[in-house]
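The values are calculated or read from the model by the stated rules, or taken from the named source; none is laboratory data. These numbers were taken from a predicted model, which means no experiment stands behind them. As a convention, Cβ positions derive from the backbone with ideal geometry for all residues, glycine included, and neighbour counts pool all protein chains shown. For accessibility, only protein heavy atoms count, side chains too; no ligands or nucleic acids. Shrake-Rupley method; radii C 1.70, N 1.55, O 1.52, S 1.80 Å.
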Amino acid sequence: METYLQMLEMRQHGSLRQLDSSVTKKRPLDIYIFNVQKIEAKEFNSHFEELEYLAELGFNVNPVRIPCKNIDEVIEAIKEIGKKREALSFGIDGAVVKVDNLRLREELGATSKTPRWAVAYKYPPERKETILKDIICQVGRTGAITPMAILEPVSVAGSTISKTTLHNEDFIKEKDLKIGDTVVIQKAGDVIPEIVEVKKEKRNGNEKEFIMPKVCPVCGANAVREEGEAAIRCTGIECPAKLVRNIIHFVSKEGMDIDGLGENLVEQFIEKGLIENIADLYTLTFEDIASLKKNGTKFAENLINAISDSKTRPFYKLITALGIRHIGAKSAKTIAKYFKNIENLMNAEVEEIAVLEDVGQIMAKSIYEFFKEEQTIDLIKKLRNAGVNMEDEEQTQTDLKFEGLTFVLTGSLDNYTREEAGDIIEKLGGKVSSSVSKKTSYVLAGEDAGSKLTKAQNLGVTIITEKEFEEMIK
């Protein structure tokens, strides 16, 4: 069976997907025509004949196309191409062996995904040696501090590599990396550069140990690594690297619930220098907001009102919005109810926090350390000056019809979010749980209720609809 072998060319998917055609226009893109899909008044017996004909017509056809008579010739051709990889004017990661006879191709056919008359051979990733000149740290939007290798520039698989991620502290220790080392790099999947080996035999004694920073390189706040985690994180709530993410969480529905303030708008505010921290949201003016949108008068009016309304949110909402590690809305409610105001919470010791229901030692330590950060103290001061509520409103509950009852919410409701329904239950003296057990009093089931509903049915727990719930709270 005659076959022929053709190289795999690297495709410029990123360039072709560019939404801005002017960017694509500037890039030196090229293409190899590799198939005759349909032609009239001419017939071919083999695919190689098609390629030769395309070349005669002036089309750009891959110059490395090798007819082979048997598998031994195929293997030799693959080896030969592998030796010449670096000399090619474009990057490749493999070669394709195809049945040349077009009639045989038709008989062999194809699966739903691939032809049966072709198979790809992948070359091992190209590896190069270079020098690890330095290690710097970058801070991501979540606060994770990631070490980055600065390399002596080297060409690998068609592109020049001058830096690559080192992932985390454990990766550096595992590889025994030192600044000044000779390292071997490759592209994982011929795409992402990575350090795969250290040439320890080439060390001369001038190499330097790298130590992960104890403080954030961007804002100077403490950098901590919690037990069981690989990442070291910045703890500063005002860190510029984390600002977008922190604000998005602060204004979210679970947080201060500022409707209309999305990520794109937050980024615009930051780019224009209108906000530098969370508290600056409360200094935005009507003109600041209206200037960012065409005909933005009504939008600016609504957003200003939403920002103003957020000042009166319950105290637990503020605790949730601050994004304290491990603290969600449920534990925030418990904390707000117990400590009553921000001053009491900021002055609390770990032991006092840890004894609360829904709060354990790890969460208590996280809260304590959060409120000892200078950036947190500064932000709380600014929010207080802006008029944000920092006290738990004392409510005299006269109707405690749900006292002693435990509810589980599942599925989507028409007239309430789960959080809103949970607030109603708690105001009436009930408790909301995340899991169904024999002690569950009611399961409030909305549309698309899942495994919790099934478990409730199996345990014989009373299941109520949204309509029945509304009757109960009247």
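Can you give me the long-range amide H partners of VAL215? Hydrogens built in the peptide plane at 1.01 Å from N, cutoff under 5 Å, separation of 5 or more residues or another chain.
ALA223
Leaving ligands, DNA and RNA out of it, report the carbon-plus-sulfur percent of the accessible area of the chain at a 1.4 Å probe. Provide the component values of the computation, followed by the final result.
Numbers: 13370 of 27220 Å².
Reported share for carbon and sulfur atoms: 49 percent.
Filter the trypsin sites (Lys or Arg not before Pro) in segment 295-397 down to the DSSP loop ones having no more than 13 other Cβ atoms within 10 Å, then list what survives.
The qualifying sites are LYS372.
If each residue of separation counts as 0.36 nm, what is the full-extension length gain between ARG325 and LEU57 once their alpha-carbon separation is subtracted?
Numbers: separation 268, 0.36 × 268 = 96.48 nm, distance 6.57 nm.
Gain on stretching ARG325 to LEU57: 89.9 nm.
Just to confirm the filter: which trypsin sites (Lys or Arg not before Pro) across segment 433-466 are DSSP coil and have at most 13 other Cβ within 10 angstrom of their Cβ? Walk me through the numbers before you get to the answer.
Values: sites: LYS438, LYS439, LYS452, LYS455; in loops: LYS438, LYS439.
Sites meeting the loop and neighbour criteria: LYS438, LYS439.
Which value in nm describes the separation of the simple spin-label points at ALA306 and SER451, placed 7 Å from the Cα toward the beta carbon?
Result: 3.4 nm between the two label points.
Averaged per residue, what accessible surface does segment 285-337 expose to a 1.4 Å probe, in Å²?
Numbers: 2540 Å² over 53 residues.
So segment 285-337 comes to 48 Å² accessible per residue, rounded to a whole number.
In nanometres, what is the gap between the two model label sites at THR160 and GLN361, each 7 Å from Cα along Cα-to-Cβ?
Placing both labels 7 Å along Cα→Cβ, they lie 5.4 nm apart.
Once fully extended, how much extra length lies between SER434 and LEU459, figured as 0.36 nm per residue of separation less the alpha-carbon to alpha-carbon distance?
Values: separation 25, 0.36 × 25 = 9.00 nm, distance 1.58 nm.
Extending this stretch completely gives an extra 7.4 nm.
Please compute the per residue accessible area over segment 187-279 with all protein chains in place, 1.4 Å probe, rounded to a whole number of Å².
Numbers: 4960 Å² over 93 residues.
About 53 Å² of surface per residue is accessible.
Relative contact order (percent) for segment 266-335, with alpha-carbon contacts under 8 angstrom and 6 or more residues of separation? List each step's numbers first, then the result.
Values: 35 pairs, mean separation 13.3, N = 70.
Result for segment 266-335 is 19 percent.
Tell me, what HN-Hα J-couplings in whole Hz come from the Karplus equation 6.51 cos²θ - 1.76 cosθ + 1.60 at θ = phi - 60° for each residue of segment 121-131, using x for Gly and Pro?
10, 9, 7, x, x, 5, 10, 9, 8, 7, 9
At 7 Å along the Cα-to-beta-carbon direction for both GLU271 and GLU349, put a label point, then send me their distance in nm to one decimal.
So the two model labels end up 5.1 nm from each other.
Exactly which chymotrypsin sites (Phe, Trp or Tyr not before Pro) in segment 249-344 are in a DSSP loop and have at most 16 other Cβ atoms within 10 Å? Intermediate values should be presented prior to the final figure.
Details: sites: PHE250, PHE269, TYR282, PHE286, PHE299, PHE315, TYR316, TYR338, PHE339; in loops: none.
Filter output for segment 249-344: empty list.
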